[in-house]
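S.K.: A single structure is presented below for examination.
The values are calculated or read from the model by the stated rules, or taken from the named source; none is laboratory data. Quick caveat, the model's predicted, so the values are computed rather than measured. Neighbour counts are summed over all protein chains in view; Cβ atoms, including those assigned to glycine, are modelled from backbone coordinates with ideal geometry. Note: areas computed on protein heavy atoms with side chains; ligands, DNA, RNA excluded. Shrake-Rupley method; radii C 1.70, N 1.55, O 1.52, S 1.80 Å.
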Amino acid sequence: MKASDVRTKTVDELGDELTALKKEQFNLRFQRATQQLEDSARVRQVRRDIARIKTILREKRAASE
């Protein structure tokens with residue numbers, strides 16, 4: 001996910017995407033704990049996508065105030 005793609009989305013869409021990524025992160029943590037995780041790089045990718053969305057959400061909310 002690129003920052004330019006994230007910036008085109010609305011605040012509601014970003015909130016939905018953030019929720020989905022948090023659920024995925026939770027599932028990946030369980031897979032790692034039970035040693036069923038196949039793509040370990042996905043954990044890092046999801047974590048960075050969450051941070052990217054949170055940053056852009058904060059920027060959009062600050063701009064609207």
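S.K.: What tally of residues in the range 15-46 results from selecting those that are closer than 18 Å to ARG58 by Cα and in contact with a helix residue (DSSP H, G or I) (Cβ under 8 Å, 6 or more places away or on another chain)?
M.R.: Qualifying residue count for the region: 5.
This table checks each residue for (1) in a helix (DSSP H, G or I); (2) of a type in the set (Lys, Arg); (3) under 22 Å from SER4 (Cα atoms); (4) open to solvent by less than 60 Å² (accessible area, probe 1.4 Å).
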site: LEU18; (1), (2), (3), (4): yes, no, yes, yes
site: LYS23; (1), (2), (3), (4): yes, yes, no, no
site: GLN31; (1), (2), (3), (4): yes, no, no, no
site: ARG44; (1), (2), (3), (4): yes, yes, yes, no
site: ARG47; (1), (2), (3), (4): yes, yes, yes, no
site: ARG52; (1), (2), (3), (4): yes, yes, yes, no
site: THR55; (1), (2), (3), (4): yes, no, yes, yes
site: ARG61; (1), (2), (3), (4): yes, yes, yes, no
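S.K.: Considering the range 1-16 alone, what residues qualify as being open to solvent by 60 Å² or more (accessible area, probe 1.4 Å) and in a helix (DSSP H, G or I)? Explain how you work it out, then say what you get.
M.R.: Going residue by residue through the range 1-16, those that are open to solvent by 60 Å² or more (accessible area, probe 1.4 Å) are 1-2, 4-5, 7-10, 12-13, 16.
Result: SER4, ASP5, ARG7, ASP12, GLU13, ASP16.
S.K.: Could you check the range 3-31 and list, in sequence order, the residues that are modelled with pLDDT of 95 or more, of a type in the set (Lys, Arg) and more than 9 Å from the chain's Cα centre (by Cα)?
M.R.: Those that are modelled with pLDDT of 95 or more, of a type in the set (Lys, Arg) and more than 9 Å from the chain's Cα centre (by Cα): LYS23, ARG29.
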